[in-house]
Structure formats: C-alpha cells, structure tokens
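Notes follow the structure.
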Amino acid sequence: MLEELDDWEILCSFLPDGWEDKARECGALTRARGVGSAEALLRVLLIHIANGCSLAETSVRAEQMGLGKLNQSAVFKRLRAAEEWFRWMADEMRTGLGILKPQVGQTVRVVDATTISEPGSTGTDWRIHYAINLASLQCDFFQLTDVHGGETWRRFPVAPGDILLGDRGYANPNGVQHVVDAGGDVLVRLNREALPLFDKDQKRLDVVQVAERMKTKTNRNMECPAWVHHDKSTPIKGRLLIVRRSRQATEYARKKLRQQASKKQTTVTEMSLEAAQYFFAWTTLPSAWPRKQVLELYRSRWQIELAFKRMKSIMGLGHLPKTDPESCRAWLHGKLLTSLLVERMIAAATTISPWGYELDVTKEQVA
C-alpha cells in the first residue's frame, strides 16, 4: 500500500526527469487548491489507480496521510486533468527502460493489442496497442485508441533491422508493406483470407494443399517460397512455414473453431477443419535464418500475452471503473505508468543494495 511506503523518494528516483514541472505544463496542477505539489498529487492519484481505492476512500486516505484535502469530486477532476501528464510520464518511462540488444543481433519486437471495456458495456470501448522488446521483455511502444482503432503494424514505428512478430490480426499486405518499407522484417501467423500468398508465377497458393505434401509422419514441418502482393509495390518475397500439429493440438484447434462459430451462429467449413491440422506462418526473414530458429522465435510471441495477463490480473487493467471518456483515458494512462514503473523497478532489482538504495548516487544512476 502506498501509505505504508516509507521510501517514496526511492520510487520517485525511477520517474522521468522533470515530471514535477510537467504537472503544471500539462495542466494537471494549474493551481494548488487542496493539494500543494505535484508529488502530493501523484501520490493521491496512485492511491486511486494503483491501490484500486474508490474516489471517496482516496479522499479520506489522502487527508489521513497529510497529502491534501480533496473531496471525491475534486479527486475525479484532478484525475481527468492528469491525462496528458500520465501519458507523458508513461512515454518517458517507456523510452528510459534501457532496451538491450537481443542475442540474434537485431531488435525483435512483439506487437499485440488488448481491449478494455467500461461498466455495462456490451463490446470493446478502448484498445491498448502494445509492443515489447524480447531482449528485455519490456515495453518499447504503446498507444491508446478507442474501439475504432484497429490492429495494424502501421501504428508502430519501425527502424531498419527490426523484426516484428504478430498474430493473425496483423497478417495483411498493408501492414507488411509498412514494415518492409522501413527496412524491417516480419514474422506473422498466417491469416489465409487477409494475407493471400502467391507463387513465383503470381498464382494464388492453396496453403492447405501445400501442407499436404508432408505425407510421412517423420516430416513434421516444411517451408516454401511465397510472395505477398501489394497494390503500390512489387511483390514482397517471403517464406511460408508450415508445422503439422499433433493429434491433440489439432482437436483443440478444431474445438476452438466450433466454439467461435457457435458464438457467431455460423458453421465451420471443411477447409477450416482441414487447415486446423497445421500451423501456418509467413516471414520475410532471409534463408540465413533456419526454419527451426524462425519457428522458435515465433513461440516467444507468447511473452506479450503474459504481459497483458500481468496488467489485467495484477494491475487491475481489465475493467474500467469510469464512463467519462477523459477520466477513462487518464485512468488507463495511469495504469500504464504504474505498470512501466513496476517494470523499471524490477529491472533495477538485481543491482539494488540490501537497504533499498545506493549510497551517494545521483537520481539518474539509481534509475
């Protein structure tokens, strides 16, 4: 609990430089009525966001801790005004996490999105687009959008040499072209409809027929050249990777297909049931990357699912306690800031001293 934390200064050392001045610049602390400083304001808001206390309980605890006198309406208004402040701090935390170089010699990033719903909602209301660097398992990009913000690689900045991993939601020609144009490579689970593949003669590939070439039980995986066509460019050359699933994995995949079809009140096609025997991926990584290494790399995509699970279960990110759009965005950015702060503190835990801080070190060195 924050009120039991006697090393608040140590926690503050992990925050980005200038965070207190930024509170006024972003409009979170335009006046000191009820709360006297940016530090006190942050502690009050974290009681609500990180501890999960109600607005009324936050008001009482803030007064008990000597942080200020704010009724629950005032706490709510302060939260709404803190949206841009939280967004700036979270973004600075993300850039200051100290991303390491991966062993493969290139930056490998996993991208995905998770959805957040408001109380009483029957659908998605907000979506967090998130990327983690596999070298450090820490966030290196995020973006908050409403329900209309679809999943696409075009949301993510790409540097030359980057390798981007994505699930089927990112398997489309426009996203692939965005990454390739920036000098990066993609490794994506194939969506047979959204990402059609072609052979060297520009004939559409039937990936299930290609997979049926694996006749023997000993041949469990294969690959073949495959091109992606985009309207504004020459075909993009890549490799289609296919793995034959075990009997148990096939039955599990078919069960999921039937469950999804039942929810949508549709039927599963015979082609889909046939395709469930195989795992399909497509990549622009060159042949210098052996097939087994590429497939093992894709398995690491699960790390972003674990990151979302941590945020939703431990940080309470899965359900919004707000219905006002401004307070929703502020609350979500506050949750992201808290999650990134925890990441940064864990990253420093291997070098932190037994008494909780280093002697005679600057704020930057601690961070």
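How many of the residues making up segment 282-328 are assigned to a loop (DSSP other than H, G, I, E, B) and at pLDDT 85 or above? So that I can check it myself, show each step before the final result.
Going residue by residue through segment 282-328, those that are assigned to a loop (DSSP other than H, G, I, E, B) are 284-290, 300-301, 314-318, 320-324.
This time we only want the ones that are at pLDDT 85 or above, so: 284-290.
Count: 7.
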- Number of positions in segment 125-142 that are in contact with a Gly (Cβ under 8 Å, 6 or more places away or on another chain) and modelled with pLDDT of 80 or more: 2
- Query: Looking only at segment 18-32, which residues are outside any loop (DSSP other than H, G, I, E, B), surrounded by 15 or more Cβ atoms within 10 Å (Cβ to Cβ) and either free of Cβ contacts under 8 Å to residues at least 60 places away in the same chain or acidic (Asp, Glu) (or both)?
  - Reply: 20
- Does any residue in segment 186-210 that is without any contact (Cβ under 8 Å) to a residue 24 or more places away in the chain come within less than 7 Å, Cβ to Cβ, of a residue that is surrounded by fewer than 17 Cβ atoms within 10 Å (Cβ to Cβ) and of a type in the set (Phe, Trp, Tyr) six or more places away or on a different chain, and which pairs are these? 204/198
- Query: Of everything in segment 51-109 that's within 17 Å of residue 331 (Cβ to Cβ), of a type in the set (Gly, Ala, Ser) and in a loop (DSSP other than H, G, I, E, B), which residue is modelled with the lowest pLDDT?
  - Reply: 52
- Message: Out of the residues in segment 245-281 meeting the condition of being hydroxyl-bearing (Ser, Thr, Tyr) and not in a helix (DSSP H, G or I), tell me which one is nearest to the chain's Cα centre (by Cα).
- Response: 278
- Message: Need pairs with beta-carbon distance below 9 Å; first residue surrounded by fewer than 17 Cβ atoms within 10 Å (Cβ to Cβ) and within segment 51-69, second of a type in the set (Lys, Arg); sequence gap 6+ or separate chains.
- Response: 51/61; 63/69; 65/43
- Message: Among the residues in segment 158-172, are any hydroxyl-bearing (Ser, Thr, Tyr) and assigned by TED's automatic domain parsing to the domain that holds residue 282?
- Response: no
- Note on the structure: Per the filter on segment 178-198, residues farther than 21 Å from residue 289 by Cβ and among the acidic types (Asp, Glu) are 193
- Message: All but one of (1) at pLDDT below 90; (2) surrounded by fewer than 19 Cβ atoms within 10 Å (Cβ to Cβ) hold for residue 168; state the number of the condition that does not hold.
- Response: (1)
- Item | Hits in segment 17-72 (condition: in contact with a Lys or Arg (Cβ under 8 Å, 6 or more places away or on another chain), within 17 Å of residue 88 (Cα to Cα) and of a type outside the set (Asp, Glu)) | 28, 30, 38, 41, 45, 49
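The values are calculated or read from the model by the stated rules, or taken from the named source; none is laboratory data. Nothing here was measured: the structure is a model prediction, and the numbers come from that model. With ideal geometry, Cβ positions are generated from the backbone for all residues, glycine too; neighbour counts draw on all protein chains shown.
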